[in-house]
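Student: Pasting a structure here, questions to come.
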Amino acid sequence: MNTKEDVIKEISDVMHPAINFSLVKLGIVSDVKVENNTATVLFALPFPNIPILYDLIFSVSQPIMDMGMEFKYETHVMTEDEKNNFLMLEAEGWKG
């Protein structure tokens, strides 16, 4: 049976497509819950309705499903502190 730590380790290398950091480091993946072979990933978004949301979700879902687990997700908007940290890392790691 996979644990929360197993899932986080598996998805910790999933990179943001435009920022040279992982979704975990950026705080976009803010939490993972594991119950009955289902991983529920909590996505914290810097802004509502970001255009690449489903690309990010898909990129995280694949390694989890490859582990033989079910995948679910929830989203919310980042707190001001989380958003400020994200924006600082975005400026540092922007690929554009």
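Nothing in this text is a laboratory measurement; each read-out follows from the coordinates by a stated rule. Bear in mind that the values here come from a model prediction, so they are computed numbers and not experimental data. Every residue, glycine as well, gets a Cβ built from its backbone with ideal geometry; the counts of neighbours run over all protein chains shown.
Student: Name the residue, out of D81, D66, D55, that is loosely packed, with under 15 Cβ neighbours inside 10 Å and either within 12 Å of the chain's Cα centre (by Cα) or small (G, A, S) (or both).
Tutor: One residue alone meets the criteria, D55.
Student: Also: Give me a count of the residues in region 4-20 that are farther than 17 Å from D66 by Cβ and either surrounded by 18 or more Cβ atoms within 10 Å (Cβ to Cβ) or in contact with a Phe, Trp or Tyr (Cβ under 8 Å, 6 or more places away or on another chain) (or both).
Tutor: Count: 4.
Student: I'd like to check something: does region 10-29 contain any residue that is under 13 Å from the mean Cα position of the chain (by Cα) and on the phi > 0 side of the Ramachandran plot?
Tutor: yes
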